[in-house]
Amino acid sequence: MAMTSNERSIPPPHADERAMLESWLEFQRETLAVKCAGLDDRQVRLAAVEPSAMTLLGLVQHMTVVERKWFQEVLAGREVSYDEAVGDGFTLVAERGIEGALADWRAEVQRSREAAAEGSLGDSGALNEQFAKIIGESSVSLRWILVHMIEEYARHNGHADLIRERIDGVTGV
């Protein structure tokens, strides 16, 4: 498998649908970790530009919430709890640093992988009433969740690029 200069696995140029979706999701997950690498707790709390309060720490926390929502709650149908102190993940709390946030995120990613491995791309997970109204359906397939997660990470990795560049000038994938 080909690797980038920062040790991310490049998705295969030819693969079946599931392998392609899963490898692109992994690439996007690895990208978020790379954007946080080598920074201290003060740096990951810096926002890109006012009035935005978006930070790298907030992005890691947010993606933890997003992973839990789509793979545990929707796909696996499990009742899950969320840390009210961080809400959707973007809220920072003084005692929470990047190492703890990354550890929680990595554990949630592993649970997501396990939940996804249990089903086929056509398997569906039930949406809560709020999301069903937005999407117009009462359920979504694992295929839909994987595509959504790729775009969610890609969008936020774009934010992470800008934040990281502001912190220390590091750019690139």
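The values are calculated or read from the model by the stated rules, or taken from the named source; none is laboratory data. Quick caveat: nothing in here was measured; it's all calculated off a predicted structure. Note that each Cβ is placed from the backbone with ideal geometry, even for glycine, and that neighbours are counted across all protein chains shown. The accessibility values were calculated without ligands, DNA or RNA, using every heavy atom of the protein model including side chains. Shrake-Rupley method; radii C 1.70, N 1.55, O 1.52, S 1.80 Å.
Couple of notes before you dig in:
- Filtered residues of region 143-173 (kept if open to solvent by 40 Å² or more (accessible area, probe 1.4 Å) and in a helix (DSSP H, G or I)): Arg143, Trp144, Val147, Glu151, Ala154, Arg155, His159, Asp161, Leu162, Glu165, Arg166, Asp168
- The test for being open to solvent by 40 Å² or more (accessible area, probe 1.4 Å) and either without any contact (Cβ under 8 Å) to a residue 24 or more places away in the chain or part of a helix (DSSP H, G or I) (or both) holds for Ser52.
- Selection count where residues are at pLDDT below 95 and in a loop (DSSP other than H, G, I, E, B), scope region 98-135: 3
- Scan of region 79-112 for residues that are farther than 12 Å from His62 by Cα, touching a Leu at 6+ places or on another chain (Cβ under 8 Å) and open to solvent by 40 Å² or more (accessible area, probe 1.4 Å), ordered by number: Arg96
- Residue within region 30-40 that is of a type in the set (D, E, K, R) and surrounded by 14 or more Cβ atoms within 10 Å (Cβ to Cβ) present: yes
- Scanning region 113-138 for residues that are open to solvent by less than 50 Å² (accessible area, probe 1.4 Å) and among the hydrophobic types (A, V, I, L, M, F, W, C) returns Ala115, Ala116, Leu121, Leu127, Ala132.
- Scanning region 7-14 turns up no residue that is in a helix (DSSP H, G or I) and either surrounded by 12 or more Cβ atoms within 10 Å (Cβ to Cβ) or at pLDDT 95 or above (or both).
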